[in-house]
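The values are calculated or read from the model by the stated rules, or taken from the named source; none is laboratory data. As the structure is a computational prediction, the values presented were derived from the model and not from experiment. Neighbour counts are summed over all protein chains in view; Cβ atoms, including those assigned to glycine, are modelled from backbone coordinates with ideal geometry. Ligands, DNA and RNA are excluded from the accessible area calculation, which covers all protein heavy atoms including side chains. Shrake-Rupley method; radii C 1.70, N 1.55, O 1.52, S 1.80 Å.
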Amino acid sequence: MLALGGGVAWAVTQYAAGDETAAAASSGDTTSGLERAVPEATPAASAVADYSMYSPEVAAQLTYASRHWNGTTSEQFGYLDENDCVNFASQTLLARGWAEDDEWWFDESGDPYAHADAWISSTAFMWYLEDHPERATPLTDDERADVEVGDIVQFDWDDSGDRDHTGVVTSVETDDDGGTRILYAGHTDPTWDRSVDYAITELHPGGVAYYWS
């Protein structure tokens with residue numbers, strides 16, 4: 001289970017006030033971003049699903065993700081064309097209550113290239129979480145039954161050992177045959193409730209999925 005940090009009050013306050021944000025920043029392998037103004041393509045608050053079955057922290061994270069998964073501008077976080085997935089995932093974790101530290105932070109100027117590497121790069125974010133087991137537990141795709149909504153999914157499209165894309169788990173379902181089906185949201189390729197299996201078999205055959213729980 002992903003660990004929590006300070007900041008839940010920030011997220012809840014922003015949502016309660018109707019303040020909305022979009023997506024931003026990154027370079028390298030993969031990134032993502034947020035913004036305070038509501039992009040036209042962002043679902044209206046009334047269209048956001050009810051996440052009350054989850055903890056307040058995860059509900060805040062999913063609410064943020066559902067409002068900004070297809071946003072392409074952000075005054076606060078910036079936006080990296082073709083490379084904004086981690087910037088976006090980082091934003092959802094901030095909304096969830098994660099506190100910034102010396103290695104994972106965003107620059108308040110809104111310049112996505114000024115953010116910490118771990119904030120905008122999939123591989124750097126992997127290295128960061130490997131060095132901070134108190135924040136998340138690594139899981140392989142063989143352990144997907146242990147994955148929870150709100151966890152982070154990362155992809156290695158060519159099985160080279162780095163990470164090429166990052167998303168946020170939006171649903172964990174059990175199929176009729178007992179298998180586990182995982183859906184995720186993300187930036188760069190605007191995604192909501194996309195199947196992990198579809199991503200690694202149809203979009204990127206031979207790709208591998210990993211998780212941080």
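Putting +1 on Lys and Arg Cβ atoms and -1 on Asp and Glu Cβ atoms, find which of Ala116, Ala209, Trp98 reaches farthest to the positive end of the dipole of the range 62-213.
Trp98
Could you please state how large a percent of the accessible area of the range 143-213 is carbon and sulfur, counting protein chains only and using a 1.4 Å probe? Please report the intermediate quantities before stating the final value.
Working: 1190 of 2910 Å².
Roughly 41 percent of what the probe reaches on the range 143-213 is carbon or sulfur.
Mind putting a number on the dipole of the range 109-196 about its Cα centre? Charges go on the C-beta only, +1 for Lys and Arg and -1 for Asp and Glu, and I need it in Debye to the nearest 20.
Values: 5 positive and 22 negative charges, 77 e Å.
Once rounded to the nearest 20, the dipole reads 360 debye.
In debye to the nearest 20, how big a dipole does the range 67-124 give about its Cα centre with +1 on each Lys and Arg Cβ and -1 on each Asp and Glu Cβ? Mind showing how you got there, number by number?
Working: 2 positive and 12 negative charges, 78 e Å.
Once rounded to the nearest 20, the dipole reads 380 debye.
Taking the Cα centre of the range 65-213 as origin, work out the dipole magnitude from +1 charges on Lys and Arg Cβ and -1 charges on Asp and Glu Cβ, in debye rounded to 20. Can you show the working numbers first?
Numbers: 7 positive and 34 negative charges, 93 e Å.
I would put it at about 440 debye.
Give the accessible surface of the range 88-199 per residue, rounded to a whole number of Å², with probe radius 1.4 Å and ligands, DNA and RNA excluded.
On the way: 4640 Å² over 112 residues.
Using a 1.4 Å probe on heavy atoms only, each residue of the range 88-199 averages 41 Å².
Would you mind getting me the FRET efficiency between Tyr113 and Trp192? Use the beta-carbon distance for r and R0 = 25 Å, nearest 0.05.
Values: r = 26 Å, r/R0 = 1.06.
Once the sixth-power term is evaluated, E becomes 0.40.
Starting from the amide H of His115, placed 1.01 Å from N in the peptide plane, find each other amide H under 5 Å away whose residue is 5 or more places distant or on another chain.
Asp107
Which residues' amide hydrogens lie under 5 Å from the amide hydrogen of Asp164, considering only partners 5 or more residues apart or on another chain, with H built in the peptide plane?
The list, which skips near neighbours in sequence, is Phe155, Asp156, Trp157.
Give me the one-decimal nm value for the distance between modelled label points at Thr201 and Tyr54, 7 Å along each residue's Cα-to-Cβ direction.
Between Thr201 and Tyr54, the simple spin-label model gives 2.5 nm.
Go through 151-163, 78-90, 183-195, 100-112 and give me the packing order, highest mean Cβ count within 10 Å leading.
On the way: 151-163: 19.2, 78-90: 28.1, 183-195: 21.2, 100-112: 16.2.
Averaged packing, sorted descending, gives the order 78-90, 183-195, 151-163, 100-112.
Quick one: 3J(HN,Hα) in Hz for the range 207-212, Karplus 6.51/-1.76/1.60 with θ = phi - 60°, rounded, Gly and Pro as x.
Listing the rounded values in order: x, 10, 9, 10, 9, 10 Hz.
Using the Karplus curve 6.51 cos²θ - 1.76 cosθ + 1.60 with θ = phi - 60°, work out ³J(HN,Hα) for each residue of the range 57-66 in order, rounded to whole Hz, and write x for Gly and Pro.
5, 5, 4, 5, 4, 5, 4, 4, 4, 5
What list of ³J(HN,Hα) values in whole Hz, one per residue of the range 134-150 in order, does the Karplus curve 6.51 cos²θ - 1.76 cosθ + 1.60 (θ = phi - 60°) give from phi, with Gly and Pro shown as x?
Using θ = phi - 60°, the values come out as 6, 9, 7, 10, x, 9, 8, 5, 5, 9, 5, 5, 8, 6, 10, 4, x Hz.
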